[in-house]
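A short worksheet on the structure shown next.
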């Protein structure tokens, strides 16, 4: 498993639990095998929008972004249509606030 979080101390904690931490979003994406898949756990609203947009800019057709947060379903539909050529967006409706904000992938 590979993980990224904007706070470096949290990345170190993740690495201490056996996952491979990444120092930046670019590093995170570069270390994923293609086709890539990323599961994001960030609060709904602007944090999700920013994270999905940032990943989609780095992902290619066939890569997958899984929105594991509690996004409003109409936002998921809008993102799916907008990003159809770059990535597939889905929502599991799990409350990200309970889990903290993480981006993870199984490498």
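The values are calculated or read from the model by the stated rules, or taken from the named source; none is laboratory data. This is a predicted model, so every value here is computed, not measured. Backbone-built Cβ (ideal geometry, glycine too); neighbour counts: all protein chains shown.
Is it fair to say residue 52 is surrounded by 19 or more Cβ atoms within 10 Å (Cβ to Cβ) and at pLDDT 85 or above?
yes
Looking only at the range 15-39, filter to residues that are over 23 Å from residue 56 (Cβ atoms) and in a helix (DSSP H, G or I); which one of those is nearest to the chain's Cα centre (by Cα)?
Only one residue tops the list, namely 15.
With the requirement that a residue be more than 12 Å from the chain's Cα centre (by Cα) and either surrounded by fewer than 17 Cβ atoms within 10 Å (Cβ to Cβ) or assigned to a strand (DSSP E or B) (or both), what does the range 58-72 give you?
Listed by number, the residues that qualify are 60, 61, 62, 72.
Counting just the residues of the range 15-31 that are at pLDDT 90 or above and surrounded by 12 or more Cβ atoms within 10 Å (Cβ to Cβ), which one comes out farthest from residue 83 (Cα to Cα)?
26
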